[in-house]
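The next block holds one structure in the form of structure tokens; read it before the comments.
The values are calculated or read from the model by the stated rules, or taken from the named source; none is laboratory data. Computed from a prediction, not measured in an experiment: that's the story for all the values here. Cβ placement follows ideal geometry from the backbone for every residue including glycine, while neighbour counts extend to all protein chains displayed.
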Amino acid sequence: MTSQRGFTLIELAIVLVIVTILIGGLAVPLSAQIQARRIAETNKILEEAREAIIGYAMTHKVGGVKPYLPCPDTNGDGLEEARSANKCPSRIGFLPWVTLGTGAQDAWGNRLRYSTHTDVSNDDIGIDSTLAPANGWNQVCSSQICTTYIATDLPVVLISLGANGWGARNVNGNTLAAPTSADELENTDPDNRFVSRTPTQSDNPSGEFDDLVTWISYSVLFPRVCPTGCAPP
């Protein structure tokens with residue numbers, strides 16, 4: 001009679017180690033794929049927000065001629081803030097997604113940040129052929145030191161604070177912990193300078209960075225909202 005032989009504890013342990021290694025090897029690519037999908041989704045949301053802002057300007061015009069841009073949302077309700085003396089109360093805040101009819105947050109569930117300038121958001125002056133970019137308009141640099149400019153004279157900058165979400169307000173209305181790196185901090189402070197660069201981990205000499213930044217240049221905005229020049233009356 002032939003006896004049946006089972007696995008020994010050592011053999012079972014070896015099998016478990018092999019299975020663990022295989023699962024671990026699959027988990028990393030899967031995690032990377034999920035992250036890549038979220039980045040692609042957020043970039044699409046940012047692009048839709050850009051188009052919605054341009055669409056707003058096309059339908060909001062001083063005297064039916066000179067367009068202007070929406071104010072940022074500063075309290076998180078998704079509505080642009082009311083102007084005082086025709087000016088926005090703040091040049092930077094959250095994207096007014098309710099006003100614009102766009103997505104409410106990025107793929108990680110955090111509100112998008114939006115920065116503009118009073119030269120293009122004043123609903124008494126508006127944009128016309130006499131307007132030229134001036135000091136104080138938004139600028140995007142490769143680091144917070146800003147020795148290299150990527151784009152300047154920007155009427156609009158949009159920011160997703162990325163997968164880590166440091167400094168972001170989530171959909172529950174909670175503000176997450178502030179960033180630890182200087183470049184990410186630059187994208188959460190109230191000035192007109194922003195950083196866009198290659199993502200890095202926290203152990204990188206430049207610090208952690210995973211923000212997604214996009215913008216509308218004046219050379220793109222003006223022809224779209226003023227195809228005939230929007231000449232002042």
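Of everything in the stretch 159-216, what is over 20 Å from ILE39 (Cα atoms), touching a residue at least 60 places away in the same chain (Cβ under 8 Å) and not in a loop (DSSP other than H, G, I, E, B)? Give them in sequence order.
none
Select from the stretch 101-145 the residues that are surrounded by fewer than 16 Cβ atoms within 10 Å (Cβ to Cβ) and among the hydrophobic types (A, V, I, L, M, F, W, C) and write down the one among them that is farthest from VAL213 (Cα to Cα).
Out of the qualifying residues, it is ALA132.
Residues ARG193, ARG224, ARG197, ARG169: which one is modelled with pLDDT of 95 or more and over 18 Å from the mean Cα position of the chain (by Cα)?
Exactly one of ARG193, ARG224, ARG197, ARG169 is modelled with pLDDT of 95 or more and over 18 Å from the mean Cα position of the chain (by Cα), namely ARG224.
Which residues, counting only those in the stretch 43-90, are in a helix (DSSP H, G or I) and more than 16 Å from the chain's Cα centre (by Cα)?
ILE54, GLY55, TYR56, ALA57, MET58, THR59
So ILE125 clears everything in (1) modelled with pLDDT of 95 or more; (2) in contact with a strand residue (DSSP E or B) (Cβ under 8 Å, 6 or more places away or on another chain) except one condition, right? Which one?
With (1) modelled with pLDDT of 95 or more; (2) in contact with a strand residue (DSSP E or B) (Cβ under 8 Å, 6 or more places away or on another chain) applied to ILE125, the lone miss is (1).
Where residues in the stretch 31-70 are among the polar types (S, T, N, Q) and touching a residue at least 40 places away in the same chain (Cβ under 8 Å), which of them is nearest to PRO227 (Cα to Cα)?
ASN43
Quick one: ARG224 ticks every box in (1) in contact with a Lys or Arg (Cβ under 7 Å, 6 or more places away or on another chain); (2) surrounded by fewer than 20 Cβ atoms within 10 Å (Cβ to Cβ) except a single one, so which number is it?
So the condition that ARG224 fails would be (1).
Can you pull out every residue in the stretch 179-188 that is under 15 Å from ARG111 (Cα atoms) and out of contact with any strand residue (DSSP E or B) (no Cβ under 7 Å at 6 or more places or on another chain)?
THR188
Could you check the stretch 71-96 and list, in sequence order, the residues that are in contact (Cβ under 8 Å) with a residue 40 or more places away in the chain and within 16 Å of ASN170 (Cβ to Cβ)?
Of the stretch 71-96, the ones in contact (Cβ under 8 Å) with a residue 40 or more places away in the chain are 71-73, 76, 83, 90-92, 94-95.
Across the stretch 71-96, the qualifying residues are ASP73, GLY76, PHE94, LEU95.
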